[in-house]
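Peer 1: The following block contains the structure, expressed as C-alpha cells.
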Amino acid sequence: MSLSVIVCDDSKFARAQLIRAIPANLKTNLKEASDGAQAIELIKSGFGELMFLDLNMPNMDGYQVLEEIKKNQYDILVIVITGDIQSTAEKRIMSLGALAYLKKPLDVNLLFQVLDKYGLAEIVESQDSPATDSNVKGSWNGITYMDKLQEVINISTGQAAKQLADLLNIFINLPIPEVSHKTGEEIYAALKGLTVDPDDILISTGFVGSDMNGEVLLSFSGECVSNMLSIILDERDSVESRTAAIIDISNLLLSTLMNGVGEFLGAQFTRSHPAIVRLNESIQLLSPNLINKKILNVKMKYSIPARDVECVLFLLFSDDAVPSLTERLSYI
C-alpha cells in the first residue's frame, strides 16, 4: 500500500511544482494543505505518513507544525522544502525532528537522494507526464501569473533575509508576500498610515530593465530604526552615520531581493541608489498622473523578533511592466 502523503505549502504554484516532481507512487494517496493548521488537522484525522513542509506560511508556519508534531509525538516523517535559507533555520528544523532540509528552488535530484536514502519511493523517472497524471493536472488548475510571482518573490525574500541575517548575526522572520492589483491612491494611503511620525523613515529605489519598470519602498518606524541600528552601531554615532547605516542595510536587502527576482525572470534590472523620501516627494509610481492607475503590488513584512524590529516592503510594478512580467513567468 502506498504512503499517505501531505504536501503543505501556502503557494498553490509551489505545491503543483512539487507534486509534478515527486515519483508516481507518492501521488496515489496524496492531500494538499495550504497552511500548517490544515496539515495538523489532516494528521489528527489519521492521514499522513510523509509530509513535504514549507516553513513560511500564514496561520501556522512550518516551525509551529514541527513543534506540534514533536509535542504530540505524531508518527509522520517530515521533509522541509523552504525558501528560508538562513543557517539557523536548518539547525532549528532539524532539532525539531525533520528528516531533511531542502532549499527552494528545489533540486529534484537532492529530493530523490533523500527519498532513496530512507526507502520512501522507487525512483524510476524524474517527472511523470502531466498529461497522464490526474494529480498533476488537478494541481495546475487555476494557477495565475500572480501565483507564480508570489513564489518567485518568496524565494527571493529568503535569499535577501539570509544576507541580512549573516550581516547582523540574528534570525529574521520571513515575510509572506501578498500580491495584488491596487491603485496608486490605495498604496499611497497604506504608506501614509505607516509614516505618521516624523521619525518614521521611507526608503525608495526605482528599477528598470527588460521592458519592466517599478519601484521598491521600505518603511521603518522611528523606533524600529533605532532598534535596528542598535545591533550594529553605538548610540553615540552621529546622525549622518546612522542615516548611512540604515540606507546601507536597506540597499543590501533590496539589491539581493531584486537580483533574485531578476534571476528567476531572466531579466537584468538597473536600480537607483536607495534614498530616504517623503510621500509628497519623488515616489515615481505614486506621482499624480499615476495615482488612479492600477499598480501590481507585492507587500511584505520582515521582522526580527529578538530586537523588536519590523519593516514593511512594497514592490511595485507599473502597468506597462505586466505584459513582459507575465510572459517571463509563463516559462517558469
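We did not get these values from a lab; they are worked out from the coordinates using the rules stated. Computed from a predicted model, the values in this text were never measured in an experiment. Cβ coordinates were reconstructed from backbone atoms using ideal geometry, including for glycine residues, and neighbour counts include every protein chain displayed.
Peer 1: Could you tell me which of Ser180, Ser221, Ser204 has its Cα farthest along the dipole of segment 180-255 towards the positive end, charges placed at Cβ (Lys, Arg +1; Asp, Glu -1), taken about the Cα centre?
Peer 2: Among Ser180, Ser221, Ser204, the one farthest towards the positive end of the dipole of segment 180-255 is Ser180.
Peer 1: So, counting K/R as plus one and D/E as minus one, what does the shell of residues with Cβ under 11 Å around Gly262 add up to?
Peer 2: Residues near Gly262 contribute +1 overall.
Peer 1: Between Ser250, Ser303, Ser241, where does the largest GNM mean-square fluctuation fall for the chain, given springs only between Cα atoms within less than 10 Å?
Peer 2: Maximum fluctuation in the GNM of the chain, among the listed residues, is at Ser241.
Peer 1: Rounded to the nearest 0.05, what FRET efficiency do Thr28 and Asn72 give with R0 = 41 Å and r taken as the Cβ-Cβ distance? Could you check?
Peer 2: 0.95
Peer 1: Could I ask something else about it? For segment 145-329, what are the per-bin percents of Cα-Cα distances with bins 5 Å wide, up to the bin holding the maximum?
Peer 2: Taking all Cα pairs of segment 145-329, the binned fractions are 1, 8, 17, 22, 21, 16, 9, 4, 1, 0, 0 percent.
Peer 1: Looking only at Asn56, Asn29, Asn173, which one moves most when the chain is put into a Gaussian network model with springs between Cα atoms under 10 Å?
Peer 2: Result: Asn29 has the largest fluctuation of those listed.
Peer 1: Can you list residues from other chains, or at least 5 along the same chain, whose modelled amide H is less than 5 Å from the amide H of Thr183?
Peer 2: Answer set, sorted by chain and number: Ile295.
Peer 1: Taking segment 145-329, how many lysine pairs are there with alpha carbons less than 27 Å apart, if each pair must be eight or more places apart or span two chains?
Peer 2: Summing the qualifying lysine pairs gives 18.
Peer 1: Among the DSSP beta bridges whose two residues both lie in the chain, what percent are antiparallel, rounded to the nearest 5?
Peer 2: Given both bridge residues lie in the chain, the antiparallel proportion sits at roughly 70 percent.
Peer 1: Still on this structure, I have one more. For segment 6-21, take each phi angle, set θ = phi - 60°, evaluate the Karplus expression 6.51 cos²θ - 1.76 cosθ + 1.60, and give the result in whole Hz per residue in order, putting x for glycine and proline.
Peer 2: Coupling constants for segment 6-21: 10, 10, 10, 7, 6, 8, 4, 5, 5, 4, 5, 4, 5, 4, 5, 7 Hz.
Peer 1: In debye to the nearest 20, how big a dipole does segment 145-329 give about its Cα centre with +1 on each Lys and Arg Cβ and -1 on each Asp and Glu Cβ?
Peer 2: 300 debye
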